[in-house]
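Working notes, beginning with the structure itself.
The values are calculated or read from the model by the stated rules, or taken from the named source; none is laboratory data. Given the structure is predicted, the values throughout are model-derived calculations rather than measurements. Note that we place each Cβ from the backbone using ideal geometry, even for glycine, and neighbour counts take in every protein chain shown. Please note that ligands, DNA and RNA were not included when accessible areas were found on the heavy atoms of the full protein model with its side chains. Shrake-Rupley method; radii C 1.70, N 1.55, O 1.52, S 1.80 Å.
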Amino acid sequence: GKYGVPTTQTVVKGGDGYSETAAKRYPYDVDKAKQLLSDAGYSKGFSLPVSSIAFAGIDTMAQAIKGQLSKIGITVTLKTDTDLQTYITDMTSGKYAAAAIGYGAQTLFAEGQGLFLPTAPVFNGFKTSDPKLVGLYTKAAAAGPDEQATLDRQMVEYLVDQAWFAPVAFSPVVYYSSSKIGGIKITAGNPIPSPLDWYVTK
């Protein structure tokens, strides 16, 4: 609804690695998408088997994406699971070319471990390894704050340019709090409030 934010990258504005360049990388253009498919040898489109799950609106988003991709000739065949274990098994089985997922805002260091490193246990089901991406990740993990920020941005831009993912939207988490509780700070870099920072106000 009105709270969703469109995106082309896996990090929110203000978060680690966010790139203004990546944000403008893929404007909506059906004709250009058709041309790119044709240039790649898929002028008649292709079928895309996708794993999904009926949880937290992921299945609804998958249906919306299916409708969008049909406009350029990509026929999405959805398998929507109803339990988490089957969904995880499907994503790691190699039977599905893609998966519809929901993934929370994290640092690039944590994203690497969960999403794009070859050791990511679930969301890199094909164990795809990219030496350049792994190299950027390794350098960023050992870098100081300024250099790390640059390397994180380079990682995000590389992920977007290589189309590792097709991010669609961010759905915010809404927090409710009493006015009697202080210390609740939520930012793009720190999206999860820590109870260790909370205190009772007068």
For segment 114-183, the spread of Cα positions along each principal axis, largest first, Å: 50, 30, 22
Beta bridges by DSSP in the chain, antiparallel share as percent, to the nearest 5: 30 percent
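Which whole-number percent is the relative contact order of segment 1-151 (Cα, under 8 Å, 6+ apart)?
Working: 175 pairs, mean separation 29.7, N = 151.
Taking the mean separation of contacting Cα pairs over the length of segment 1-151, I get 20 percent.
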Environment charge of residue 161, counting only residues whose C-beta is closer than 14 Å and scoring Lys/Arg +1, Asp/Glu -1: +2
Dipole of segment 72-186 [Lys/Arg +1, Asp/Glu -1 at C-beta], most positive-end residue of 87, 150, 165: 87
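Within 10 Å, Cβ to Cβ, of residue 53, how many net charges do the neighbouring residues add up to if Lys/Arg are +1 and Asp/Glu are -1?
Details: positive: 79; negative: 59, 81, 83, 90.
Once positives and negatives cancel, what remains is -3.
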Difference of contour (0.36 nm per residue) and Cα-Cα distance, residue 130 to residue 149: 4.8 nm
Low-density loop positions, trypsin sites (Lys or Arg not before Pro), segment 56-115 - DSSP coil, at most 16 other Cβ in 10 Å: 71, 95
Longest DSSP-loop-exposure-free segment, chymotrypsin sites (Phe, Trp or Tyr not before Pro), the chain, at most 11 other Cβ within 10 Å: 29-125
Surface accessible to a 1.4 Å probe, per residue, for the residues of segment 156-202, Å²: 76 Å²
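To the nearest 20 debye, what charge dipole does segment 85-202 have about its Cα centre, counting +1 at the Cβ of each Lys and Arg and -1 at the Cβ of each Asp and Glu? Could the numbers behind the result be given before it?
Details: 8 positive and 9 negative charges, 75 e Å.
The dipole magnitude comes to about 360 debye.
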Net +/- balance of residues flanking residue 145 in space, Cβ distance below 14 Å, scoring K and R +1, D and E -1: -2
Cα centroid of segment 69-84 to Cα centroid of segment 157-202, whole Å: 29 Å
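Full extension from residue 192 to residue 82: what is 0.36 nm times the residue separation minus their Cα-Cα distance, to one decimal in nm? Show your work: numbers first, answer last.
Details: separation 110, 0.36 × 110 = 39.60 nm, distance 2.72 nm.
Result for the pair: 36.9 nm of gain on full extension.
To the nearest 20 debye, what is the magnitude of the charge dipole of the chain about its Cα centre, counting +1 on the Cβ of each Lys and Arg and -1 on the Cβ of each Asp and Glu? If you can, show how the numbers build up before the last one.
Numbers: 18 positive and 17 negative charges, 85 e Å.
With Lys and Arg at +1 and Asp and Glu at -1, about 420 debye.
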Distant-in-sequence amide H partners of residue 81 (H built 1.01 Å from N, under 5 Å): 52, 53, 54
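If the viscosity is 0.890 mPa s and the temperature 25 °C, what Stokes-Einstein diffusion coefficient in µm²/s follows for the chain when Rh is the Kirkwood radius over Cα pairs?
In µm²/s, the coefficient rounds to 130.
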Dipole of the chain [Lys/Arg +1, Asp/Glu -1 at C-beta], most positive-end residue of 182, 138, 121: 182
Label-point separation, residue 174 to residue 139 (7 Å along Cα→Cβ), nm: 4.3 nm
Amide H contacts of residue 76 (H built 1.01 Å from N, under 5 Å, at least 5 apart or other chain): 48
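With contacts defined as alpha carbon pairs under 8 Å and 6 or more residues apart, what's the relative contact order of segment 106-169 in percent?
Working: 49 pairs, mean separation 12.7, N = 64.
Worked out over segment 106-169, it gives 20 percent.
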